[in-house]
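To start, the structure itself, in structure tokens.
Please treat every number below as a calculation from the coordinates, not as lab data. Computed from a predicted model, the values in this text were never measured in an experiment. Glycine gets a Cβ as well: all are built from the backbone with ideal geometry, and neighbour counts include every protein chain shown.
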Amino acid sequence: MEIRKVQVTGGSSYVISLPKAWAKSLNIKKNDPLGIIIQPDMTLLITPNVNEEKLQRTKEFDVDNLDEPTYLFRCLIGAYVSGYTIIKVKSSRTIPPFVRTTVRKFTHLTIGQEVVEESATSITIKDILDPIEMPFENTIRRMYIIVKSMHEDAINVLRNRDRTLAEDVILRDNEVDRLHWLIMHQQNIVSKNLNLAQKMDVTVGKIANYFLISKIIERIGDHAVRIAKNVSNIIDEKINEKVINALASASNFALEIFNKSIESFIKKDMRIANKNIESLTNLVSYCEEVLAFALQQKGKTAISIGYIVEGIKRTGEYAADLSEYVINYLIEDKT
């Protein structure tokens, strides 16, 4: 740390000199504008980036020696969630069809990514979304609504034997993934541009908690998918109505913990979150009772029901974890 003394000029202006090496490394000259941002802890951030535009970061992928679509897709997602705003796919020869197909899949499954330039040997993808248009809290709420409906419908399949509904639950998980990737993407963009963070009224700590909250909601969505898949396995089997009712009750119990977690987030109420965490013990005990009862079924029915109960229990556990992160978020919000 360099220590520099504050000077007073003109009787009212407080002046401090800038480190020469820093100024030279950024090619700062006389009369160049610099931005000064007051941080929540009252420290000052000095930046040469004085506009509020999103910083442009580029990532390039050479596909000359790449023949795995899944690997390419994962690379594209990795660049997206890392906050790169321009992604270029290039080759020294004609780009093979599977690469173009993978790029189309990527742009369809992500938010704000569009192909802006394309030739025989290169494809340029650009992020056209303004982070300010997609506040973190709005994305969290949308994820919650989708995941909640997924869980409700997965259990409803047990009653109405609707295989199409089970398949729809599984498909909806793509939308949850899209929103979670969006939060990861924006987390990296906003964290690197404190002008933008200030404009969105978020701190680095709050952004980190948004990511953790969205990750847990995404995991709860994964368990809705597992429940739907296991329900599909036994959709043609005869199941005791008491077992179905018990599973529905356990699911409602888990979803109530999930609902309370989101309620505490929306209402900014730590007491609701704290009380909600304590209710998990009752859910775990109830799930154990349901499991013992359900395992009286035969063969694969018992196995699938066991997985359904486990999915319900894990949903409640993740929802309780969510309440803990909501408390962390609210503490950061009040600092």
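With an 8 Å cut-off on Cα pairs and a minimum separation of 6 or more residues, tell me the relative contact order of region 15-124 in percent.
20 percent
To test your reading of the geometry: what angle, between 0 and 90 degrees and rounded to tens, separates the Cα axis of helix 241-267 from the longest principal axis of the chain?
Its long axis makes an angle of about 20 degrees.
Given a Förster radius of 45 Å and the C-beta distance between E167 and I37 as r, what FRET efficiency does 1/(1 + (r/R0)^6) yield to the nearest 0.05?
Efficiency for this residue pair is about 0.35.
In nanometres, what is the gap between the two model label sites at F98 and R57, each 7 Å from Cα along Cα-to-Cβ?
Placing both labels 7 Å along Cα→Cβ, they lie 2.9 nm apart.
Most fluctuating residue of S285, S232, S25 in a GNM of the chain with Cα springs under 10 Å: which is it?
Of S285, S232, S25, the Gaussian network model singles out S25 as fluctuating most.
Run the dipole for the chain about the Cα centre, Lys and Arg Cβ at +1, Asp and Glu Cβ at -1, nothing else charged, and hand back the magnitude in debye, nearest 20.
Taking the Cα centre of the chain as origin, the dipole is about 680 debye.
Measure nothing fancy, just the Cα-based angle from helix 69-81's long axis to the longest principal axis of the chain, in degrees from 0 to 90, nearest 10.
Compared with the principal axis, the helix lies near 60 degrees.
Mind checking the full-extension length gain between I128 and A302? Use 0.36 nm per residue of separation minus the Cα-Cα distance, one decimal, nm. Intermediate results must be reported in sequence, preceding the final value.
Numbers: separation 174, 0.36 × 174 = 62.64 nm, distance 4.93 nm.
Extra length available between I128 and A302 comes to 57.7 nm.
Positive end of the charge dipole of region 24-182 (Lys, Arg +1 and Asp, Glu -1 on Cβ, about the Cα centre): tell me which of T139, L165, L45 has its Cα farthest that way.
So the residue furthest toward the plus end is L45.
Could you check what % of the DSSP bridge pairs in the chain are antiparallel, to the nearest 5? It would help to have the intermediate numbers written out before the result.
On the way: 17 of 22 bridges.
Rounded to the nearest five, the antiparallel share is 75 percent.
Can you give the FRET efficiency for R142 and N274, using 1/(1 + (r/R0)^6), R0 = 35 Å, r = Cβ-Cβ distance, to the nearest 0.05?
That pair, R142 with N274, gives E of 0.85.
How many nm is it between the label spots at L18 and N233, if each spot is 7 Å from the Cα in line with the beta carbon?
Distance between the two pseudo-spin positions: 6.3 nm.
For each pair in K267/K313; K238/K275; K148/K242; K215/K275; K59/K268; K24/K206, compute the distance between the two Cα atoms and list the pairs where it is over 31 Å.
K238/K275; K59/K268; K24/K206
Apply 1/(1 + (r/R0)^6) to the Cβ-Cβ distance of E256 and E310, taking R0 = 25 Å, and write down the FRET efficiency to the nearest 0.05.
Rounded to the nearest 0.05, the efficiency is 0.85.
Among (i) 33, 54, 12, 1; (ii) 30, 60, 10, 0; (iii) 25, 44, 25, 5, 0, which is the computed P(r) over Cα pairs in 20 Å bins from 0, in percent?
Computing P(r) over Cα pairs in 20 Å bins from 0, in percent and matching it to (i) 33, 54, 12, 1; (ii) 30, 60, 10, 0; (iii) 25, 44, 25, 5, 0 gives (iii).
Neighbour counts of other C-beta atoms within 10 Å: give me W181, W22 arranged from fewest to most.
W22, W181
For region 276-299 and region 199-272, what is the separation of their C-alpha centers, rounded to whole Å?
Each part's Cα centre sits 16 Å from the other's.
When D127, D153, D64 are ordered from fewest to most other Cβ atoms inside 10 Å of their Cβ, what list results?
Taking fewest neighbouring Cβ atoms as first place, the list is D64, D153, D127.
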